[in-house]
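A.B. asks: What follows is a structure written as structure tokens; I'll ask about it next.
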Amino acid sequence: MGGGAVAGSNHGGHGVIPGVRLVILGRQGAGKGTQCTRLARHYIVPHISTGDILRAAFKEGTDFGRKAQEYMSRGDLLPDDIIIGVVGERLVKDDTRTRGYILDGFPRTVGQAEALAELTSEAPIDLAIDLEVPEDIVLLRISNRRVCVDCGTNYSVQAPPRYDWICDVCGGDVVHREDDTPDAVRKRLDLYSKETEPLIAYFEQLRMLVGVDGIGSADEVTQRIVHAIESRGRGGVVG
Ligand code: AMP
């Protein structure tokens, strides 16, 4: 991959772990969670979702988790320094250092992106993918989406789990996310325009951005993203 040298580590004689360091941008409901899970399997790297980390902390009942939940239920962003600390701790772990990662939900502000650049100064990210889905479509998707409280697998009213809202992957309860209320969703979309959209220009300026059409089946979108990453790896089109 461009920029970094994660790619190509040998793995027990069973071929090569491709490895990649990616940031996935996109509105809530653009399919980031689904695509990040698929990409993490494809590239055999950890999927780091800040939303999942915060929800797990809340479920564990830590003080931090309870505080984070107050922000989440309102649809507000946590302060930059707090979330930067959370991601910083995760990025020093062995798996991310040796294999790479897929960052989902971070950075969400230019301040967070600048902190990420510092945190990764020795091994910068390869690419930021902007998963493009218009606002009217994400609104529809969010009202229909359901999520496993234990493992975070996404479902929808149109594509439910096999048995009575029990997760196919881990057996957890599949529910409507608490912060998917109309008010909180509206606030998150407004925050996305105000705080996160400027990141598109930020990564574009660094020639790290690739826009990918997020409309279509999960397979189609994954193929587009992988193609974008591989093209970039061969020194292909950027932006
Ligand atoms: P998500 O699952 O990515 O939609 O995140 C759920 C909620 O977690 C967001 O609405 C925020 O309250 C909080 N959150 C997740 N990532 C961040 C971040 N990078 N910066 C600030 N707050 C975040």
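A.B. asks: Where a ≥ b ≥ c are the square roots of the eigenvalues of the C-alpha gyration tensor, would you call region 27-70 rounded, which needs a/c under 1.5, or, failing that, prolate if a/b is larger than b/c, or oblate?
C.D. replies: Note, shape of region 27-70 comes out oblate.
A.B. asks: Here's another thing I want to ask about it. Along the Cα→Cβ direction, 7 angstrom out, place labels at Asp173 and Ser231. What is the inter-label distance in nm?
C.D. replies: Each label point lies 7 Å from its Cα, and together they span 4.4 nm.
A.B. asks: Using the beta-carbon distance between Ala56 and Asp95 and R0 = 25 Å, what value does 1/(1 + (r/R0)^6) give for FRET efficiency, to the nearest 0.05?
C.D. replies: Computed FRET efficiency for Ala56 and Asp95: 0.90.
A.B. asks: While we're looking at this one, here's another question. Could you tell me what percent of the DSSP beta bridges with both partners in region 102-227 are antiparallel, to the nearest 5?
C.D. replies: Among the beta bridges of region 102-227, antiparallel pairing accounts for roughly 60 percent.
A.B. asks: For every helix of n ≥ 4 consecutive DSSP H residues, a contribution of -39,500 (n - 2.57) applies; sum these over the chain, divide by its total residues, and give [θ] at 222 nm rounded to the nearest 500 deg cm²/dmol.
C.D. replies: -13500 deg cm²/dmol
A.B. asks: Quick check: the angle from helix 63-74's long axis to the longest principal axis of the chain, C-alpha only, nearest 10 degrees?
C.D. replies: So the helix axis and the longest Cα principal axis differ by about 80 degrees.
A.B. asks: Then there's this: Loop only per DSSP, at most 15 neighbouring Cβ atoms within 10 Å: give me the trypsin sites (Lys or Arg not before Pro) in region 40-131, ordered by residue number.
C.D. replies: Lys93
A.B. asks: Moving to a separate point now. Restricting to the chain, compute how many DSSP beta bridges are antiparallel as a %, nearest 5.
C.D. replies: Of the beta bridges lying entirely in the chain, close to 35 percent run antiparallel.
A.B. asks: Suppose R0 equals 25 Å. What FRET efficiency, 1/(1 + (r/R0)^6) with r the Cβ-Cβ distance, do Ser73 and Ala201 give to the nearest 0.05?
C.D. replies: Step by step, r from the Cβ atoms, then E = 0.25.
A.B. asks: Would you mind classifying the chain by shape? Square roots of the alpha carbon gyration tensor eigenvalues, ordered a ≥ b ≥ c; an a/c under 1.5 is rounded, otherwise it is prolate if a/b is larger than b/c and oblate if not.
C.D. replies: Cα axes put the chain in the rounded bin.
Each value in this text was obtained by applying a stated rule to the coordinates, not by laboratory testing. Keep in mind it's a predicted model, so treat the numbers as computed, not measured. Virtual Cβ from ideal backbone geometry, glycine too; neighbours counted across all protein chains shown.
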